[in-house]
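Notes for the one structure printed next.
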Amino acid sequence: MSPLSRFYAPFHPLLLSSLFAASFPQLVRSPIDTLSASIIPLVALQSLYLVTCLPAAGTASGTSSTALSGSSGSDVKERKRHASHSQLTLARRISTSILSLLIPVIVGTPLLYTLTVLFGAPLTTHTLETLLLAAHMSILAGAPLVYVHGMDGGKWAQIVGLSMPWDGVFGGSLGVLVGAWFGAVPIPLDWDRAWQAYPITIITGAYIGYAVFSLLGRCPGIRGKVIRFNDEKVEKSA
């Protein structure tokens, strides 16, 4: 990972949450227009994050393993080969990032839309709001997971089972769901505030959860840890 990537990786969730905070007044006034207009910037920033900071599925995270020769002729050939390899790698990363954004939008948006309705979102009204909410959550949570893990069934079983070792990618995706869950809490409260309208607090919680959990996943004491739900059962069975 380059120095620029090391800098931008933890900065990315803060940038997304800052841009969301800046658009919050407009979101309260017009949720549909604001969520629609912010889709393109979200896709662009997620694409930049995927290509520059994350290892694409099926590729090594390091640089090319070919060492440069000491002789001048071989050195020129190896440098040309290295440049060609870098261009090929960049092209592959860009194409992978496009697929990693399309798959969550096509598959994740309908899935999250259905889950949101099952968890209490309006069924016959606010259809566009729920659809935009699901799209934002899919791009936030799904794109990094697809880019890094591809369609590996074993990895996705770990993700769904919450047994994936913590890192910025898994933490951020989990944070979107946790944040959205807690974001629904203020909606039924009798505070009579404009920002309580659906789905403002839910999408706000999703962005906050993404930023917080993504940064937590990069902390030395948390990175690499696995959530354990059955330690007591394991000890008893042993």
**Message:** Name the residue that is nearest to Ile200 (Cα to Cα), counting only residues in the stretch 22-38 that are under 19 Å from the mean Cα position of the chain (by Cα) and surrounded by 15 or more Cβ atoms within 10 Å (Cβ to Cβ).
**Reply:** Leu35
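Conditions (1) over 30 Å from Arg93 (Cβ atoms); (2) out of contact with any helix residue (DSSP H, G or I) (no Cβ under 8 Å at 6 or more places or on another chain), marked per residue:
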{"residue": "Leu112", "(1), (2)": "no, no"}
{"residue": "Gly120", "(1), (2)": "yes, yes"}
{"residue": "His126", "(1), (2)": "yes, yes"}
{"residue": "Leu133", "(1), (2)": "no, no"}
{"residue": "Ser138", "(1), (2)": "no, no"}
{"residue": "Gly142", "(1), (2)": "no, no"}
{"residue": "Gly150", "(1), (2)": "no, yes"}
{"residue": "Lys155", "(1), (2)": "no, no"}
**Total residues in the stretch 114-172, condition in a helix (DSSP H, G or I) and either surrounded by fewer than 13 Cβ atoms within 10 Å (Cβ to Cβ) or of a type in the set (D, E, K, R) (or both)** = 8
**Request:** Please identify the pairs in which a residue from the stretch 170-190 that is over 20 Å from Ala157 (Cβ atoms) has its Cβ atom under 6 Å from the Cβ atom of a residue that is hydrophobic (A, V, I, L, M, F, W, C), counting only partners at least 6 apart or on another chain.
**Result:** Gly175/Val212; Gly175/Phe213; Gly179/Ala206; Gly179/Ile208; Ala180/Ile202; Ala180/Ala206; Gly183/Ile202; Ala184/Ile202
**Asked** Asp75 versus (1) at pLDDT below 95; (2) under 20 Å from the mean Cα position of the chain (by Cα): which is the lone unmet condition?
**Response** (2)
**Asked** Within the bounds of the stretch 83-102, is there any residue that is over 24 Å from Ser5 (Cα atoms), at pLDDT 90 or above, surrounded by 13 or more Cβ atoms within 10 Å (Cβ to Cβ) and of a type in the set (A, V, I, L, M, F, W, C)?
**Response** no
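If you take the residues of the stretch 179-194 that are part of a helix (DSSP H, G or I) and surrounded by fewer than 17 Cβ atoms within 10 Å (Cβ to Cβ), which of them is modelled with the lowest pLDDT? Reasoning before the result, please.
Here is the first cut: in the stretch 179-194, the ones part of a helix (DSSP H, G or I) are 179-183, 194.
Cutting the leftovers down to surrounded by fewer than 17 Cβ atoms within 10 Å (Cβ to Cβ) gives us 181-182, 194.
On the way: Trp181: 96, Phe182: 97, Ala194: 93.
This residue is Ala194.
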**Asked** What is the number of the single condition among (1) within 19 Å of the chain's Cα centre (by Cα); (2) surrounded by fewer than 13 Cβ atoms within 10 Å (Cβ to Cβ); (3) of a type in the set (A, V, I, L, M) that Leu215 does not meet?
**Response** (2)
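The values are calculated or read from the model by the stated rules, or taken from the named source; none is laboratory data. Quantities reported herein were computed from a predicted structural model and do not represent experimental measurements. With ideal geometry, Cβ positions are generated from the backbone for all residues, glycine too; neighbour counts draw on all protein chains shown.
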